[in-house]
Amino acid sequence: MKKILTELIEHRSLTKETARQVLVDLASGKFNPSQVSAFMTVYMMRSITVDELEGFRDAMLELCTPVTFDEPVMDVCGTGGDAKNTFNISTLSSFVVAAAGQPVAKHGNYGVSSLSGSSNILEYFGYKFTNDENELHRCLDRANICFMHAPLFHPAMKNVAPIRKELGVKTFFNMLGPIVNPACPKRQLVGVFSLELARQYGYLYQRTDKNFLVLHSTDGFDEVSLTSAFKCFSNIGETLIEPEKLNMLRLHLTDLKGGDTMDESAKIFINVLEGKGTLAQNQVVIANAGMALYCANQKDGIEKALTRATEALTSGNALVAFKKLLKK
C-alpha cells in the first residue's frame, strides 16, 4: 500500500488492473484501517480516472454475490454525496417506475453523508433485507421491484464500512454504488454529484451494452432537482435540459428538503406515495421516474415517459407497489 499511496500522492494514476487488485486486497483485509483511510482520502482530494473507476468496479463485481433475473430489470440510483439533504427522491422514483411497468432491481445502502439513504427508509418501514435470490424473485413477481441492500451482496466490504461511517463524508465508494449492482441490470438511471463524474460514467457505460442515462443538475444535485438545468448523458449523446422543457415548474432547494429526523423523512416519503405530497415533491419524483422510463424505452420520447410516471404516482399504483414489497 505504501507504494500505491506514494504514486497517488505524486499525482500518478493507477492502471485498470492495479486498481482492481488494490480493491481486492483492501476487501480481503490486507491493509490496516489507517492505510485504508489514507487511500480513500486521496480520492477526496484528486479526481478518479475512468480506468481506476473501471478497475474498482470490476473488483466489486468479482467479489459480490451475483443475482440473475430473467426480466429486463432497471436500477434507479444516485451516488449520494451531494450534501443537499433532500428527501428520498430516487427511492420514491423507483416505486413509480415499478408501478409504471418497468421491473426494478434497486441497489442501495444506508446514508453515509446524509440522514436517510434508501436502506434507512425501507428499514424504517419494516422491510427485511435479504440476499436470498428466491425471495428477491418473489418480491419482483408481486411488486415489480426488489431491493438489494449492498452490504449483503458485497460482504468483502465489511472491512471498509466502519471507516466510511467514521469519515462521514463521500468517498470513491459513493462513486461505485450505482455501477456495482449485483444484478448487472441492462437498464440504468444514475444520478451523480459532479459533472466530471457524470462524464466519466458516460465513458464507462459506453463500453457496455446497457441502456443508460447519467444525470447531474448543474447546481450540484445528484438527480433531476428541477432547481436548475440538468445534464443528461446517454447512449445517444449528451444534452442539457431545462425544467421548463419537461413542462414543470422551476423549484427551490427548500422545496426538496428532507427531514431532520428519520420520522420526518418517513413522513415525507409516505405522504408522496399517498397523494399528500406537495406539488414540488410530486414533480421532482415524477421527473426522475419519467427520465428512468425514458431510459428504458427512448423511442417513445420523454413526454410519454413523464405521462406514464404521473399516472403511476397519482393513481396510487406506486403506493401499491411499495406495500407489496413490504408484504411477506
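Can you find a residue in the range 242-256 that is touching a Gly at 6+ places or on another chain (Cβ under 7 Å) and surrounded by 15 or more Cβ atoms within 10 Å (Cβ to Cβ)?
Looking for residues that are touching a Gly at 6+ places or on another chain (Cβ under 7 Å) and surrounded by 15 or more Cβ atoms within 10 Å (Cβ to Cβ), one finds none in the range 242-256, hence no.
Of the conditions (1) under 16 Å from residue 73 (Cβ atoms); (2) in a helix (DSSP H, G or I); (3) of a type in the set (D, E, K, R), residue 165 clears all except one; give me its number.
Just one mismatch for residue 165, condition (1).
Of all the helices (runs of 4 or more DSSP H) wholly in the range 230-328, which have at least 3 residues that are at pLDDT below 95, within 22 Å of the chain's Cα centre (by Cα) and farther than 30 Å from residue 126 by Cβ? Quick ask: steps written out before the conclusion?
Values: elements: 262-273, 279-296, 301-314, 317-326.
By residue number, no helices (runs of 4 or more DSSP H) qualify.
With the structure loaded, tell me whether residue 198 is surrounded by fewer than 22 Cβ atoms within 10 Å (Cβ to Cβ), without any contact (Cβ under 8 Å) to a residue 60 or more places away in the chain and aliphatic (A, V, I, L, M) or whether it fails that test.
Working: surrounded by fewer than 22 Cβ atoms within 10 Å (Cβ to Cβ): no; without any contact (Cβ under 8 Å) to a residue 60 or more places away in the chain: yes; aliphatic (A, V, I, L, M): yes.
Considered against the rule, which asks whether it is surrounded by fewer than 22 Cβ atoms within 10 Å (Cβ to Cβ), without any contact (Cβ under 8 Å) to a residue 60 or more places away in the chain and aliphatic (A, V, I, L, M), residue 198 comes out as no.
Anything in the range 201-225 that is part of a loop (DSSP other than H, G, I, E, B) and surrounded by 15 or more Cβ atoms within 10 Å (Cβ to Cβ)? List them, or say none.
Of everything in the range 201-225, those that are part of a loop (DSSP other than H, G, I, E, B) and surrounded by 15 or more Cβ atoms within 10 Å (Cβ to Cβ) turn out to be 210, 220, 221, 222, 223, 224, 225.
Does the range 226-238 contain any residue that is of a type in the set (Lys, Arg) and crowded, with 18+ Cβ neighbours inside 10 Å?
Scanning the range 226-238, I find at least one residue that is of a type in the set (Lys, Arg) and crowded, with 18+ Cβ neighbours inside 10 Å, so the answer is yes.
Pick from 168, 177, 126, 111: which is under 27 Å from residue 220 (Cβ atoms) and either buried (at least 22 other Cβ atoms within 10 Å of the Cβ) or in contact (Cβ under 8 Å) with a residue 60 or more places away in the chain (or both)?
Within the list 168, 177, 126, 111, the selection yields 177.
The values are calculated or read from the model by the stated rules, or taken from the named source; none is laboratory data. Computed from a predicted structure; not experimentally measured. Reconstructed Cβ throughout: ideal geometry from the backbone, glycine too, with neighbour counts over all protein chains shown.
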